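Take a look at the structure below.
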Amino acid sequence: MSNQFSFDTLKLHAGYNPAEHNHAVSVPIYQTTAFTLDTVKRSDDLFYFDSAEALYTRLSNPTTDVLDARLTALHPGATGAVTLSSGMAAVTYSLLNVTAGKGRILATARSYGGSFDSFEQIFGETGVKYDIVENPDDPANFEALVKEDTKVIYIESITNPNATILDIEAIANIAHKHGIPLIVDNTVATPYLLNPFDFGADVVVYSATKGLTGHGNVIAGAIVENGKFNWKNGKFPQFNGQPHFLVSQQGVPRSFYDVFPDTPFTGRIRAIHLNYLGGAIAPFNSYLVLLGIETLSERLSKSVKSAEKIVEFLETRPEVSWVNHPHAKNSKYKALAAKYFPKGAGAILSFGLKKNDRATIIKFLEAVKVFSFQANIGDARSLIINPSTTTHIELPERAQELADIHSETIRLSIGLEDVNDLIADLEQAFAAIQ
């Protein structure tokens, strides 16, 4: 489908032609391991990367192919996508792809706890080091930490749990000045609220488990690229390599650029990391993500509006000492929110209780009736949790300080319930801790 159509049309139709799938209106679930090769010619085309048709579900599947195409269409400027079994697979495969066992990752402590800990536990084992920008609100602090062997800058567009916003465009300019890519985790925002490619991002990653799908019923991840970054600038020789499995049917050696001219980044991930590490998404899960995307705009619009009302409510409560969200009165991210998030800066927020001993926090968390106490975000249900000892427990004490995560931090992920019921639920929880 042509990208001349609007977001809301593309999220329902992009990447799918019913005539190619027995005229099924809804995308079929191709629940099969493999696909018949039919002829030796077709087999050769598939195994030599001369055909993009489905061969084996670990590498590609018609249901997942539609999802990849739809995600590409929902990011104007994108050239390709690869969907994976989880958001962490998307993060790790992207960073493995760009580092290839060498160099450094430049990131912030405001990353999801699992992403942050992977810098040490996964990439440290491959010889890759990392640097953490202590005050990422000033883009100059990124440039100050770029070293000769820095391979990538990795950030989140809206951070979890405090909903901070970084100056994506300024950071992208710094990355490109030094010949390195900017990878943006856009999980909280989703492509409905922000297309990071509009502001210089080179690769976008998602935990599709969250708002992209929105129903808390699937684990999935995605990587999207726009094909603009020059991976042949000398810093990333892995893209110019000519591994034997890319040789042509005529026996001519080929590089990843030769085989995937428009999608060298996701093409290399599909050929190496997805193929050999095996983080393949199940066809049924691809179907569930497609279903979720169909209502993405409507869900996010409601959740964002409800989140803003809850921010306003929390700011009136005497029990609350602070509220973090760009919509909050004293937020220092209002200008960046206006630039990057005119539709609203997401449905994640955090706050702290004035009486913040552990017993009070536990009592508050267990007093809610409508909010669900769980570790997910972006669900149709509204969720509550204490990040310091749950979702971000991997962060050491210093990293939690840099991320502004405290023992009293309570995170809310606003779903689709009536906002008045959510406010009433918080009111009775406040009453319970008096």
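The values are calculated or read from the model by the stated rules, or taken from the named source; none is laboratory data. Not measured: the values here are computed from a predicted model. Cβ placement follows ideal geometry from the backbone for every residue including glycine, while neighbour counts extend to all protein chains displayed. For accessibility, only protein heavy atoms count, side chains too; no ligands or nucleic acids. Shrake-Rupley method; radii C 1.70, N 1.55, O 1.52, S 1.80 Å.
Numbers for the structure displayed
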{"item": "Given charges at beta-carbon only (K, R positive; D, E negative), |dipole| of the range 320-434 in Debye", "result": "440"}
{"item": "With Cα atoms, 0 to 90° folded angle of helix 283-294 axis to the chain main axis", "result": "60"}
{"item": "For the range 340-383: rounded, prolate or oblate by the Cα gyration tensor [a/c cutoff 1.5]", "result": "oblate"}
{"item": "Dimensions in Å of the range 284-434 - Rg and Dmax from alpha carbons", "result": "15.7, 47"}
{"item": "For ALA220, distant residues with modelled amide H under 5 Å away", "result": "GLY87, ALA208, THR209"}
{"item": "Student exercise, the range 209-354 dipole from Lys, Arg, Asp, Glu Cβ charges, in Debye to nearest 20", "result": "440"}
{"item": "Cα centroid of the range 1-49 to Cα centroid of the range 262-325, whole Å", "result": "24"}
{"item": "Debye intensity ratio in log₁₀ form over the Cα atoms of the range 196-256, taken at each q of 0.12 Å⁻¹", "result": "-0.53"}
{"item": "Cβ charges +1 (Lys, Arg) and -1 (Asp, Glu), total dipole of the range 18-88, debye", "result": "200"}
{"item": "Within the accessible area of the range 272-379 (1.4 Å probe), percent carbon and sulfur", "result": "55"}
{"item": "Share of pairwise Cα separations in the chain, more than 43 Å, in percent", "result": "13"}
{"item": "Sorted largest first, extent of the range 251-361 alpha carbons per principal axis (Å)", "result": "73, 37, 26"}
{"item": "Convex hull per residue volume in Å³, alpha carbons only, for the range 223-298", "result": "130"}
{"item": "Whole-number accessible area per residue in Å² for the chain, which is evaluated in the context of all protein chains at 1.4 Å", "result": "40"}
{"item": "Extreme residue, positive dipole direction of the chain, given options THR187, THR391, PHE364 (C-beta unit charges)", "result": "THR187"}
{"item": "Debye intensity ratio I(q)/I(0), log10, the range 172-312, q values 0.12 Å⁻¹ (C-alpha model)", "result": "-0.63"}
{"item": "Exceeding the 19 Å Cα-Cα cut-off - candidates LYS151/LYS232; LYS343/LYS369; LYS11/LYS334", "result": "LYS343/LYS369; LYS11/LYS334"}
{"item": "For the range 100-236, radius of gyration divided by Kirkwood radius, i.e. Rg to Rh on alpha-carbons", "result": "0.94"}
{"item": "The range 416-434 and the range 122-138: distance between their alpha carbon centers, rounded to Å", "result": "39"}
{"item": "Exposure of ILE272 as accessible area (Å², to 10), given a probe of 1.4 Å and all protein chains", "result": "40"}
{"item": "Farthest toward positive dipole pole in the chain [+1 Lys/Arg, -1 Asp/Glu at C-beta], among GLY77, ALA170, ALA201", "result": "ALA170"}
{"item": "Local net charge near ASP185, Cβ-Cβ under 15 Å (Lys/Arg +1, Asp/Glu -1)", "result": "-2"}
{"item": "Loop-located chymotrypsin sites (Phe, Trp or Tyr not before Pro) in the range 127-165 whose Cβ has at most 16 other Cβ within 10 Å (DSSP)", "result": "none"}
{"item": "Ranking by accessible area, most exposed first, for HIS13, HIS392 with a 1.4 Å probe", "result": "HIS13, HIS392"}
{"item": "Reference-scaled alpha-carbon Rg (2.2 N^0.38 Å with N residues) for the range 86-154", "result": "1.04"}
{"item": "Surface share of carbon and sulfur [accessible, 1.4 angstrom probe, percent] for the range 1-58", "result": "54"}
{"item": "Ranking by accessible area, most exposed first, for TYR206, TYR276, TYR257, TYR56 with a 1.4 Å probe", "result": "TYR276, TYR56, TYR257, TYR206"}
